[in-house]
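The values are calculated or read from the model by the stated rules, or taken from the named source; none is laboratory data. Bear in mind the structure is a predicted one, so any value in this text is a computation, not a measurement. Here the Cβ is made from the backbone with ideal geometry for all residues, glycine too, and neighbour counts use every protein chain on show. Note: accessible area is taken over every heavy atom of the protein model, side chains too, but ligands, DNA and RNA are not part of it. Shrake-Rupley method; radii C 1.70, N 1.55, O 1.52, S 1.80 Å.
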Amino acid sequence: MRQVTVKAEPAALSVDLDSAALLIIDMQRDFLEPGGFGAALGNDVSRLQAAVAPCKAALAAARRLGMLVIHTREGHRPDLSDAPPHKVLRGDPALRIGARGPMGRILVRGEPGHDIIAELYPLKDEPVIDKPGKGAFYQTDLELVLHNHLIDTLFVCGVTTEVCVNTTVREANDRGFRCIVLSDCCASYFPEFHQAGLAMIKAQGGIFGSVTGSAQLLDALAAVPMPKTA
Ligand code: TIU
């Protein structure tokens, strides 16, 4: 047990780092870079850049302490058989899921745009969960991976705050996982939705989870010794 106290809202939390994981949601080129899915939906993708440096700092701290780090990616099979037709048919046909863009086929697994941005690229031993939906538990083995690692608490980063982060936090909460969302490690194309998305999580005594910042997490982790290597 490596117990730390993390300042958070609505209240400070005691966390055993050996039962905690860092979950980084959909920090993919398709959402953060021009020419991908986020841009195809009409968004200003530069708004998501704010989350990159805080995510990088949280990732470095988690890796230093040997915490489990899990990455997710939203995307579909090349034949789109796992993509609901109404999701595919939305928007301009030239910019739909499966259409060719500057980073390959939009939101399709194996294409350059589907991959995680270089700054946060997963290490070989870090699980990457490919998910067809917004929630990271839907039609994936994330819950199994967490149970096998005896994880009960998730520090959550990623994009976008009100879409894939919120959906995943709600799914996690119903499955008994405690979520601590790192506010500056998340971002939205809509600043007001970012704020509202965080407010919804921590309202009512933390109805879906807690919210804190990367600085509060780094403070809590600063004094923790690195794990003993075998
Ligand atoms: N559009 C939007 O805000 N988000 C998504 O479509 N997916 C994720 O949030 N990852």
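Building the convex hull from the alpha-carbon atoms of region 1-116 and averaging its projection over directions returns 9.1 nm². Our compactness index for region 27-69, the C-alpha radius of gyration over the empirical 2.2 N^0.38 Å, is 1.43. Ordering PRO225, ILE207, CYS186 by Cα displacement along the dipole of region 157-230 toward the positive end leaves PRO225 in first place; charges were set at the Cβ atoms of Lys, Arg (+1) and Asp, Glu (-1). With coordinates expressed along the principal axes, the C-alpha atoms belonging to region 66-133 extend over 44, 23, 17 Å, beginning with the largest. Working note: 222 nm ellipticity from helices only, DSSP H runs with n ≥ 4, each -39,500 (n - 2.57), summed and divided by the residues of the chain, gives -8000 deg cm²/dmol to the nearest 500.
State the Kirkwood hydrodynamic radius of the chain in Å, one decimal place, computed from all pairs of distinct Cα atoms.
Hydrodynamic radius (Kirkwood, Cα only) of the chain equals 17.7 Å.
Counting only DSSP beta bridges whose two residues both lie in region 1-136, roughly 40 percent are antiparallel.
With every protein chain present, what is the per residue accessible area of region 67-132 (1.4 Å probe, Å²)?
Accessible area per residue, region 67-132: 49 Å².
Each Lys and Arg adds +1 at its Cβ and each Asp and Glu adds -1 at its Cβ; summed about the Cα centre, region 122-165 shows a dipole of about 120 debye.
Using 0.36 nm per residue and subtracting the Cα-Cα separation, the extra length available between ALA94 and LEU144 on full extension is 14.3 nm.
At a 1.4 Å probe radius, carbon and sulfur cover how many percent of the accessible area of region 1-69? Could the numbers behind the result be given before it?
On the way: 1460 of 2690 Å².
Whole-percent figure for carbon plus sulfur exposure: 54.
Taken as entire DSSP H runs, the helices of the chain that both span 15 Å or more between Cα atoms along their own long axis and average 0.0 or more on the Kyte-Doolittle scale are 52-64.
Express as a percent, rounded to the nearest 5, the fraction of DSSP beta bridges in region 73-223 (both residues included) that run antiparallel.
Details: 2 of 14 bridges.
Among the beta bridges of region 73-223, antiparallel pairing accounts for roughly 15 percent.
Pull up the cross-link candidates among the lysines for LYS56, meaning alpha carbon to alpha carbon under 19 Å and not fewer than 8 places away within one chain. Partners found: LYS124. The accessible-area ordering, largest first, of the residues TYR121, TYR189, TYR138 stands as TYR138, TYR121, TYR189, per a 1.4 angstrom probe. Taking all protein chains as shown and a probe of 1.4 angstrom, LEU41 keeps an accessible surface of around 110 Å².
Summarise the accessible area of region 93-198 (1.4 Å probe, protein heavy atoms) by the percent that is carbon and sulfur. For region 93-198, the apolar C and S fraction of the accessible surface comes to 54 percent.
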